[in-house]
Every structure is written in structure tokens, then in C-alpha cells.
Amino acid sequence: MSLRIIFAVAMIATLVSSLAFSAEAEGWANVEIQDPTNAEVVTAAIVTNDQGFSIAIFRSKDGKVRWTLGLPKSSFDSIKTSERVAVFRVDDHDATDLNVSPGDEDTRVLGRSVLALLWHGSGPTPTRGILRNVLDGRTLTVRFYLDNGGSADTNFDLAGAADSIAPALGISAQADPELLARELDRNDAILKALTACETAPSLALCQKTVRSCLGDTDTTGEMVRACIADHRSPIQ
């Protein structure tokens, strides 16, 4: 076999190996990890992009959904441990800062990754918010703020992410249309009540009345309207 043929075969093998690594790096998978909040073993949806940055999304024993955003294992950088430690954006949604402050258990820096609360965990699936954006999104952009004053940026492909995230968390990938309609109706009732407060004799008293009618996430728009009607005088 000539040296030219040997070189060509070696190049093809290298290319195939490189493509296989890229496919593995970009693919979401469900694996068991140790929950950093309580050391329990949980199922997580994880992905590592082609730069080595990683995500792990999991549900803790308390029912809340958390995630870690991590630097590459090969990196010598360290994430800041206080104030704004990272910022992320899903598609064209508003950017969200991750801030660490004393006594805050929801957002923490764990070595080379940031731990943050992703969803409160109530209901069959989120109808809005960050986890909903991740489930429906195309691209997640993350910037880590480093302790040397610099930053590190990366992107994650969210295509197919919901197929791994939903079973890992025990939720439906798609929002229930009836649940979504009910929440939209509740939000409409609240918005109209707050708009009415702008012309009320006492704005503060009116807003206090509306807040008292919100109830929990199971409160419907009809219930909000009925409650406000019972307290009409502060609003009129």
C-alpha cells in the first residue's frame, strides 16, 4: 500500500472520528447524576456542546427543577462567586441574569458551574417562563463572568432538547391547551383589574385589593373577577 493511500485512509478515519465526537457532544441524553442540593441520585437531561460547555437539567427531591451551566472541563477559568455570575437568553426572549448573594440557595456557584432554579415544579408542565422557553426554543446563549474580570460566551442547540428534558423531569413536553387558556384568562383578568387601578381613588389600596384576589396558581380568571367584584369600592 502506497504512502498516499495510507495517508488518505488515516484522514478518513480522523474525519469519521471527529464527526462522531461532534454528534455525541451536541446530543442531549438522560443520565443519573448526584443532585448538588442534597446529594441524592436523580435523572438529568444533559448536553455538552462542541466547545465543552455543559448543561444539566434535573428535578430535585423537593419537586423543583434546577439546572447547572458549566464551563468546559479543560478550561482553567473560574466563575465569579458573587453578584452577577452569568447571563443567558433563549432565542429572542429577554436576557436573564444569574446573581449570587449571601444566603441565596437558589443560585450558587459550584466549582466550575452555576446552579440555578429553573421552574417551581407545580403542575404537569410549565406554561410560561424560562423552562417553557427552553422546551420550545431553538438556541440558548450563555455568558459566564469569570473571576479574572473576563467572560466566556457559548451557544447550545436546543433542537430535540424537549425529548430528553420532559422524561427526565416527568413532565409533558407540550403545554396543555386548556391549562394555557385558563392561565391566559387569569392573566387577562389581572391585567384589566390593574389597569382599572390607574383611575381608582387610591392606587395603592386598589393594587392591594387586586393582589389579595390573586390566590395561588389554581385561581381562575373567573375567581379573580368575582373576588374583585366583591371589593369593588376600592377600585371604583
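Which order do the peptides 99-109, 199-209 come out in when sorted by mean C-beta neighbours inside 10 angstrom, highest first? Provide the component values of the computation, followed by the final result.
Values: 99-109: 12.8, 199-209: 14.7.
Descending mean neighbour count gives 199-209, 99-109.
Shape of the range 154-205 from its Cα gyration tensor (a ≥ b ≥ c, root eigenvalues): rounded if a/c is under 1.5, otherwise prolate when a/b > b/c, or oblate?
prolate
Report, in debye and to the nearest 20, how large the dipole of the range 116-197 comes out about its Cα centre when Lys and Arg carry +1 and Asp and Glu carry -1 on their Cβ.
Details: 7 positive and 10 negative charges, 42 e Å.
Dipole size: approximately 200 debye.
Hey, what does the equivalent ellipsoid look like for the range 49-131, semi-axes from the Cα gyration tensor as sqrt of 5 times each eigenvalue, largest first, whole Å?
So the three semi-axes of the range 49-131 are 22, 16, 14 Å.
Assuming a viscosity of 1.002 mPa s and a temperature of 20 °C, what translational diffusion coefficient in µm² per second does Stokes-Einstein assign to the range 100-236, Rh being the Kirkwood radius over Cα pairs? Please list the in-between numbers first.
Details: Rh = 18.3 Å.
In µm²/s, the coefficient is 117.
Straight distance only, please: which aspartates and glutamates reach the Cα of Lys192 with their own Cα at less than 18 Å, same-chain residues fewer than 8 apart left out?
Glu183, Glu222, Asp230
Per residue, what accessible area does the range 85-236 have, given a 1.4 Å probe and all protein chains present, in Å²?
54
Quick one: pull the percent of accessible area on the range 81-236 belonging to carbon and sulfur, 1.4 Å probe, ligands and nucleic acids left out. Intermediate results must be reported in sequence, preceding the final value.
Values: 4250 of 8620 Å².
That share works out to 49 percent.
The values are calculated or read from the model by the stated rules, or taken from the named source; none is laboratory data. These numbers were taken from a predicted model, which means no experiment stands behind them. Quick reminder, even Gly has a Cβ in these numbers, built from the backbone with ideal geometry, and neighbours come from all protein chains shown. The area values use the complete protein model at the heavy-atom level, side chains included, leaving out ligands, DNA and RNA. Shrake-Rupley method; radii C 1.70, N 1.55, O 1.52, S 1.80 Å.
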